[in-house]
Amino acid sequence: MTKLLLLFVSSLIAISLLGLGADFRSYDAQRTFTVAVVADDQEFIDLTPIQPYAYINEDGKIYFDFSDYNPNYPSGGRGVSPNTTYAFDRVFKVSNDLWPNDSGYSGICVEVSVSGNTASILKLYSPDDVNGHTTPGNAATAIKMFIEGGNYAEVGFVITTSGYTAGNTFDGQINVVAHSGSCV
């Protein structure tokens with residue numbers, strides 16, 4: 001009888017331990033999630049034109065236009081000259097309006113890069129580039145900038161049309177990607 005009682009108590013302890021080690025499999029909850037889509041100059045990470053070659057269009061996006069389609073230059077020039085190099089300081093700025101600097105937030109890393117056939121003639125630079133692309137003389141197709149909360153970084157362009165003749169057209173995109181933390 002004692003053996004049977006001991007076996008029964010041991011079984012109860014084993015079953016209890018197995019029950020305590022059960023896996024947590026699911027949890028259901030409903031939360032509110034809100035996203036507002038706004039123009040480039042109204043975002044938390046904001047793209048703001050500085051030069052007249054950059055502008056915010058009706059669709060809320062920033063555009064860079066060195067042609068006669070630029071609304072800031074009605075009846076203006078039709079583009080850039082062949083076999084030349086242009087440097088445009090401060091074409092646009094990227095602002096970090098997520099949190100103020102005193103909140104303990106470390107900041108964001110912003111990468112700006114050129115894609116499409118524009119990459120063959122357009123290079124970028126910023127005094128805040130972490131890889132040293134800080135002047136027109138060492139511009140690159142991609143730059144990275146660390147921007148603390150409440151601050152901004154300016155981006156400049158170098159357009160080089162060497163080897164191209166009048167009548168060439170270049171279309172492409174400038175991609176802006178941001179993530180929290182350093183630019184390692």
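Take every Cα pair under 8 Å in the stretch 45-180 that's 6+ residues apart, average their separations, divide by the length, and report that relative contact order as a whole percent.
Details: 305 pairs, mean separation 40.4, N = 136.
Relative contact order here is 30 percent.
By how many nm would the segment from Thr85 to Glu58 grow when fully extended, if each residue of separation counts as 0.36 nm and the alpha-carbon distance is taken off?
Between Thr85 and Glu58, full extension yields 6.7 nm more.
Report the label-to-label distance for Asp65 and Val35 in nanometres (one decimal), using points 7 Å from each Cα along the Cα→Cβ vector.
2.8
Based on the mean of other Cβ atoms within 10 Å per residue, sort peptides 156-164, 65-73 so the most packed one is first. Don't jump to the answer; show the numbers that get you there.
Numbers: 156-164: 17.6, 65-73: 14.2.
For the peptides 156-164, 65-73, the packing ranking is 156-164, 65-73.
Amide H neighbours of Ile50 under 5 Å, counting only residues 5+ apart in sequence or on other chains, H built in-plane at 1.01 Å?
Sorted by chain and number, the residues that satisfy this are Phe92, Lys93.
Separation between the Val130 and Asn168 pseudo-spin-labels, each 7 Å from Cα along Cα→Cβ, expressed in nm?
Rounded to a tenth, the inter-label distance reads 3.4 nm.
Positive end of the dipole of the stretch 45-180, charges at C-beta (+1 Lys, Arg; -1 Asp, Glu), about the Cα centre: which of Ile143, Ile159, Gly132 has its Cα farthest in that direction?
Towards the positive end, the residue furthest out is Ile159.
Once the piece of chain linking Ser182 and Asn72 is laid out straight, how much longer is it, given 0.36 nm per residue of separation minus the C-alpha distance between them? Can you show the working numbers first?
Working: separation 110, 0.36 × 110 = 39.60 nm, distance 3.64 nm.
Going from the current span to full extension adds 36.0 nm.
What are the semi-axes of the equivalent ellipsoid for the stretch 45-180, taken as the square roots of 5 times the Cα gyration tensor eigenvalues, largest first, in whole Å?
They are 28, 17, 11 Å, listed largest first.
Only the coordinates and a few stated rules stand behind these numbers; no lab work does. The structure displayed is predicted, hence computed values, not measured ones. When we count neighbours, we look across all protein chains shown, and the Cβ atoms used for this are built from the backbone with ideal geometry, even at glycine.
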